[in-house]
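This report concerns only the one structure given below.
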Amino acid sequence: MQKSVNGRNRRSHIRRSRWKKTIGYSVLGALLVAAGWSLGQTRTGHDQVLAAVPKNSLADSLNQEKVLVVGGSMAHGWKDPNDNSYLRRAFQTLSDTTNTKYTYDDHTASGDSPVKLAKTNNYESWLAKDKPQIVVISWGLLNDVYLKTPEKQLEQAVRDEIAGALKAKAVVLVVTSPVTQATATSDHNQIENYIQDELTVANSFHNSNVHFLDLNDQMTLYMQAHNQTWKQYYGDSWHPNQAGHILAGQLLANELIQTFGTGPILYQDKKQKG
C-alpha cells in the first residue's frame, strides 16, 4: 500500500529523534555494563538492579501501589521460561530499588488487542474491582497488523482505555512493546504507524497523568549503539526471548525512574499540562 506523505514525514521524524537520543542510550549501556549486567544473560527481574540507583535500605517502606496491566502475549511474557515479561521485570526492579512496593495485577492475554478488549466489559470491571494507582497499556500491535485493524478503530479503543483509567484516578502508562523480528522487519512500517496513532491519542488528552513510553524506540537505539539486531533477542518472530525481556525490562525501569524519580508514581489532581 502506498504510504501517505504525512506517514513518511512521521516516520522520518521518529528516525531523526532516535538518532538524537543514541548517545544517551550509549551512556545507559555503559552504566549497565559497569554494574556487571551483561546483555543476553538470563537472570530474573528480581536480581536486576539499576546501576544508577542504589538498593533501597527501607525494605519496610509504607508506599504500596497496585499496577493493572493490559496487553497481549508479549506483555504476558511469552518466550520467557517463567512468563516474566518486560513489564513485570520493570516493576520488580522498581520494588527492589525504590521506596515503593508494586503489586502487579496481570490482565494480559494471548491474542488480545485493544479492539478485542473493547468489545467486552472486562476492562471496566477490572478497574472497579482492583482500584489500581497505575494502569499500564502495552499492546504488541502485531495482532492488529495480522487482522488489518483500521487505525481509527485502534485509536478509539486506546482512547477509551486511557479515559477509563483516568476516570478511575489512575496514572496511565502507554508502553510500546520490545523489538522483535516482525516489528523490525516485515511489519515495521505498519507498527510505526500504529505506534504513532497511540502517541497521538495519548497526547490528545493534554493530561499530566498520561505518559507515552516508547520502549520499542529505546530498545532499537540500544541495539544500534551496541551493534546488535533483533537476532540476539529472538524468541520467535513475534516475541523476544528471555534476554529480550530482561533488556526491555531494564530499559523501561530506567525510563520510569527518569520520569518519576524514586518515589511513588502518583496521580496528579491538576490534569492539564502547562
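Mind checking which pairs have a first residue in region 100-124 that is farther than 21 Å from Glu198 by Cα and a second that is loosely packed, with under 14 Cβ neighbours inside 10 Å, Cβ under 9 Å, 6 or more apart or different chains?
Thr100/Gln64; Thr100/Gly263; Lys101/Gln64; Tyr102/Gln64; Thr103/Gln64
I'd like the full set of residues that are open to solvent by less than 30 Å² (accessible area, probe 1.4 Å) and of a type in the set (S, T, N, Q), limited to region 96-118.
Thr97, Thr98, Thr100, Thr108, Ser113, listed by residue number.
Out of all the residues in region 223-274, which are touching a Phe, Trp or Tyr at 6+ places or on another chain (Cβ under 9 Å) and part of a strand (DSSP E or B)?
Gly235, Asp236, His239, Pro240
Sort through Ala157, Ala184, Ala168 and tell me the only one that's open to solvent by 10 Å² or more (accessible area, probe 1.4 Å), closer than 18 Å to Val70 by Cβ, at pLDDT 95 or above and not basic (Lys, Arg).
The match here is Ala168.
Return a yes/no flag: does region 46-63 have any residue that is modelled with pLDDT of 95 or more and either within 17 Å of the chain's Cα centre (by Cα) or small (Gly, Ala, Ser) (or both).
no
Is it the case that some residue within region 211-220 is touching a residue at least 60 places away in the same chain (Cβ under 8 Å) and open to solvent by 30 Å² or more (accessible area, probe 1.4 Å)?
No, region 211-220 has no match at all.
Any chance region 80-95 includes a residue that's outside any loop (DSSP other than H, G, I, E, B), of a type in the set (D, E, K, R), surrounded by 18 or more Cβ atoms within 10 Å (Cβ to Cβ) and on the phi < 0 side of the Ramachandran plot?
yes
Where in region 97-213 are there strands (runs of 3 or more DSSP E), lying wholly inside it, with at least 3 residues that are of a type in the set (Val, Ile, Thr) and under 18 Å from the mean Cα position of the chain (by Cα)?
The strands (runs of 3 or more DSSP E) meeting that bar are 134-138, 171-175.
Residues are listed down the side, and each one gets a yes or a no for (1) closer than 22 Å to Ala248 by Cα; (2) touching a His at 6+ places or on another chain (Cβ under 7 Å); (3) open to solvent by 20 Å² or more (accessible area, probe 1.4 Å):
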{"site": "Leu142", "(1), (2), (3)": "yes, no, no"}
{"site": "Lys152", "(1), (2), (3)": "no, no, yes"}
{"site": "Ile162", "(1), (2), (3)": "no, no, no"}
{"site": "Asn203", "(1), (2), (3)": "no, no, yes"}
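The values are calculated or read from the model by the stated rules, or taken from the named source; none is laboratory data. All values derive from a computational prediction rather than experimental measurement. A quick note on method: Cβ atoms are made from the backbone with ideal geometry, for glycine too, and the neighbour counts reach across all protein chains shown. In case anyone asks, the SASA skips ligands and DNA or RNA and just uses the protein heavy atoms, side chains included. Shrake-Rupley method; radii C 1.70, N 1.55, O 1.52, S 1.80 Å.
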